[in-house]
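Working notes, beginning with the structure itself.
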Amino acid sequence: MPVHCQQALVLSGSAILATLGALLLYLGEPSSYGKYVGSLTTATHMAARAAWFLQELPSFAIPMGMLVGHSRVLFGPPETVLLGLFGAHYFHRTFVYSFLNRGRPFPTALVFKGSVFCMGNGLLQGYYLTHCTEYPLEWYTDIRFILGVFLFILGMGINIHSDYILRQLRKPGEIVYKIPQGGLFTYVSGANFLGEIIEWIGFALATWSLPALAFAFFSLCFLGLRAFHHHRFYLKIFKDYPKFRKALIPFIF
Ligand code: NDX
């Protein structure tokens with residue numbers, strides 16, 4: 001295996017350890033955007049739409065650039081489909097989700113951190129799929145590929161639908177919080193996060209790769225924790241919050 005691919009694997013392993021470390025460090029402290037943004041000033045915050053566009057763009061542009069620049073992968077093997085799924089998610093996040101966003105202004109420092117994260121992840125997933133793996137055509141009929149792609153599409157559907165429900169809670173220009181209703185929000189406070197976690201678990205299964213596993217693990221920890229913080233926020237703010245609703249996993253947690 002080429003030395004760059006070995007480095008990509010070492011980086012993925014380190015990312016899993018770093019995620020574990022960050023999880024322990026930031027267990028009680030939510031990431032300070034959205035509900036936890038604190039006082040808003042135009043000097044330190046930027047419009048949510050621009051913030052999401054800028055931070056998510058590298059996750060789309062870098063792997064898609066690699067795909068286009070790599071003629072072996074561009075024409076048909078499973079790597080194209082897998083990278084295409086990654087690209088589809090980030091196309092939506094960058095060019096659709098960002099521009100429909102009705103969120104509160106976003107701390108500029110976190111936009112910078114978020115884009116560095118998206119650059120690193122885009123590079124890792126893109127490089128690994130274009131340079132380090134060659135799936136045989138039989139991979140299309142492998143149960144890991146089929147189940148993984150199914151979970152990816154299911155998770156993406158849940159994520160988009162749940163983000164749509166959240167968006168409809170506000171009129172343009174409003175920044176109030178309301179109780180989300182319908183879809184998987186009937187069961188959990190972090191329905192959009194549950195969808196995204198299912199999506200990346202599916203991607204890890206379909207690619208059967210350490211970089212994708214590292215990203216799925218990061219998403220599980222980061223978004224799982226955010227779901228827990230949102231749940232705690234709702235219970236504190238809304239006295240009539242549905243008692244039956246859990247944080248992330250329906251009926252369980
Ligand atoms: N972007 C992933 N950490 C993140 C940017 C920030 O894609 O240094 C992770 C991503 C980055 C983060 C990224 C990585 C970690 C960073 C962090 C910044 C600091 C942090 C780098 C890259 C860091 C350490 C130190 C540990 C290393 O006003 P508002 O914004 O609250 O409005 C919200 C609205 N809404 C409501 N409206 C009315 N009533 C209610 N009750 C409402 N509840 C919410 O809905 C928003 O406009 C909108 C969605 O809000 P929310 O809070 O539910 O979701 P949000 O967290 O904003 O995520 C939006 C979507 C969602 O689909 C989620 O699944 C996906 O993006 N996402 C988000 C984060 C990461 C990620 C996916 C992933 O890891 N796969």
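A simple packing score, the average count of other Cβ atoms within 10 Å per residue, orders the peptides 93-102, 139-148 as 93-102, 139-148, with the highest score first. Only protein heavy atoms count here; under a 1.4 Å probe, residue 138 has an accessible surface of about 130 Å².
From most to least packed by mean Cβ count within 10 Å, the peptides 152-158, 114-120, 233-239 give 152-158, 114-120, 233-239. Solvent exposure of the chain, expressed per residue, is 50 Å² of accessible area, with all protein chains present and a 1.4 angstrom probe.
Once the chain from residue 141 to residue 169 is taken as fully extended at 0.36 nm per residue, the excess over their C-alpha distance is 5.9 nm. Could you grab the relative contact order for the range 186-239? Cα pairs under 8 Å, six or more apart, rounded to a whole percent. Here the relative contact order equals 44 percent.
For the chain, the Cys residues with no second cysteine's beta carbon closer than 4.7 Å are 118, 221.
Among the listed pairs 35/236; 113/178; 171/243; 178/243; 178/236, those with a Cα-Cα distance over 18 Å are 113/178; 171/243. Protein heavy-atom surface of the range 110-228, 1.4 angstrom probe: 75% of the accessible area is carbon and sulfur, with nucleic acids and ligands not counted. Charged side chains reduced to their Cβ positions (Lys and Arg at +1, Asp and Glu at -1) give the range 78-217 a dipole of some 840 debye around its Cα centre. Dividing the mean sequence gap of close Cα pairs (under 8 Å, 6+ apart) by how many residues the chain holds gives a relative contact order of 23 percent.
The values are calculated or read from the model by the stated rules, or taken from the named source; none is laboratory data. What you see is a predicted model; the values in this text were computed from it and never measured. Every residue, glycine as well, gets a Cβ built from its backbone with ideal geometry; the counts of neighbours run over all protein chains shown. Just the protein is used for accessible areas: all its heavy atoms, side chains included, with ligands, DNA and RNA removed. Shrake-Rupley method; radii C 1.70, N 1.55, O 1.52, S 1.80 Å.
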